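Here, each number is a calculation from the coordinates, and none is a lab measurement. Just so it is clear, the structure is predicted and the values come from calculations on it, not from any experiment. Glycine also receives a Cβ, built like all others from the backbone with ideal geometry; neighbour counts cover every protein chain displayed.
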Amino acid sequence: MVTGAGNGIGAVIAEAAVKEGYRVAAWDVDEDAARAVADGIGDACVPVRVDVADEESVLAAVAALPQAPDLLVNNAGVVRFGPLLDLPAADWRLAVDVNLTGTFLVARTVAARMLAAGGGSIVNIASVNGLAAAPNAGAYTASKAGIIMLTEHMALEWAAGGVRVNAVAPGLIDAGMSDAIYADPEVRRLRSGRVPLNRLGSAADVADAVLFLGSDKAAYVTGQTLAVDGGITKGALNAMPRPRSVDSVGVDPVGVDPVGVDPTGVSSDD
Ligand SMILES: NC(=O)c1ccc[n+]([C@@H]2O[C@H](COP(=O)([O-])OP(=O)(O)OC[C@H]3O[C@@H](n4cnc5c(N)ncnc54)[C@H](O)[C@@H]3O)[C@@H](O)[C@H]2O)c1
């Protein structure tokens with residue numbers, strides 16, 4: 001089961017899961033989008049209209065499942081930008097309702113089926129924005145941080161019943177809701193250059209991590225959040241120049257773009 005499978009990352013996860021041999025229920029509030037994705041994938045993918053923020057919709061869709069799914073991917077999400085002082089309460093509520101409450105409602109309803117069946121695996125899609133604050137993204141970051149803690153709680157509550165729960169925190173991903181950001185080539189260049197692995201991530205990068213955590217290869221992993229971010233969340237100190245007098249990094253702090261620091265220890269202006 002993949003929620004939010006009608007677009008972006010969710011569509012790629014659904015396709016990758018079918019390639020791995022899963023049959024996929026592609027859930028989305030946008031029924032036409034889910035159907036278009038399923039049509040492109042083939043018979044192993046079935047579209048279902050579900051609003052993850054609406055408990056009745058979730059209960060009905062889970063009750064209609066012929067069996068407990070082996071893997072649930074809580075991917076449906078929305079972003080609303082704006083400084084907290086001006087953010088309309090409706091935007092805050094939408095982000096929290098879809099991202100956090102939606103993950104809660106779908107996960108606990110599906111987990112009940114998994115627990116009755118003896119086990120299963122759940123992967124929640126968080127974000128690096130759940131690990132680090134970002135400008136004008138307070139509703140989104142709070143909802144994604146909530147998903148990370150909810151993942152830990154669900155993992156502890158359901159471990160004894162054989163249900164593993166993990167999260168993936170994608171970084172700068174060149175897909176889906178970020179399409180508008182990366183339409184600008186200069187923004188692409190600047191953002192890519194800030195990633196230690198020196199590129200944007202793809203939806204396939206996220207799908208690979210999801211399928212790993214969902215599989216028996218991760219049989220002893222639960223309650224974890226795996227950042228799929230090219231290293232950006234480990235780079236907080238990467239942009240701190242040191243004076244040449246201190247060590248061989250040798251960057252002159254004045255007027256040097258810290259992003260040019262070469263991780264081998266040789267400064268880019270040497
Ligand atoms: N694209 C990125 O840069 C990026 C980075 C980090 C995390 N993420 C996360 O990855 C996930 C997928 O994002 P995306 O970029 O593919 O976005 P997207 O907007 O392309 O796709 C999101 C999908 O969720 C569906 N959806 C929205 N509200 C729903 C609801 N109430 N019920 C069911 N479906 C609903 C939408 O119809 C859409 O098909 C999200 O959770 C997002 O927060 C994305």
- Using Cα pairs closer than 8 Å and at least 6 residues apart in sequence, work out the relative contact order for the stretch 2-236, in percent. 19
- Cα convex hull of the stretch 2-236: how many Å³ per residue? 125
- Within the chain: Cβ-based charge dipole about Cα centre, in debye rounded to nearest 20 (Lys, Arg +1; Asp, Glu -1): 500
- Starting from the Kirkwood radius over alpha-carbon pairs of the stretch 44-143, derive D by Stokes-Einstein at 10 °C in a medium of 1.306 mPa s and give it in µm² s⁻¹. 108
- Please give the contour-minus-distance gain from Glu20 to Ala89: 0.36 nm per residue of separation, less the Cα-Cα distance, rounded to one decimal in nm. 20.7 nm
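Once every DSSP H run of n ≥ 4 in the chain is given -39500 (n - 2.57) and the sum is divided by its residues, what mean residue ellipticity at 222 nm do you get, rounded to the nearest 500 deg cm²/dmol? Each step should come with its number before you reach the end.
Working: 9 runs with 101 residues, N = 270.
Dividing the helical sum by the residues of the chain leaves -11500 deg cm²/dmol.
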- Note on the structure: Per DSSP, the loop-located chymotrypsin sites (Phe, Trp or Tyr not before Pro) within the stretch 114-218 having at most 15 other beta carbons within 10 Å are none
- Message: For the stretch 96-232, take N as its residue count and report Rg(C-alpha) divided by 2.2 N^0.38 Å.
- Response: 1.11
- Task: Name the lysines eligible as straight-distance cross-link partners of Lys217: C-alpha to C-alpha under 19 Å, and not fewer than 8 places from it in the same chain.
- Result: Lys19
- Query: Going by average Cβ neighbours within 10 Å, how do the peptides 220-228, 124-132, 75-83 rank, with the highest at the top?
  - Reply: 124-132, 75-83, 220-228
- Multiply the residue separation of Ala180 and Ala219 by 0.36 nm, subtract the distance between their alpha-carbon atoms, and state the gained length in nm to one decimal. 10.3 nm
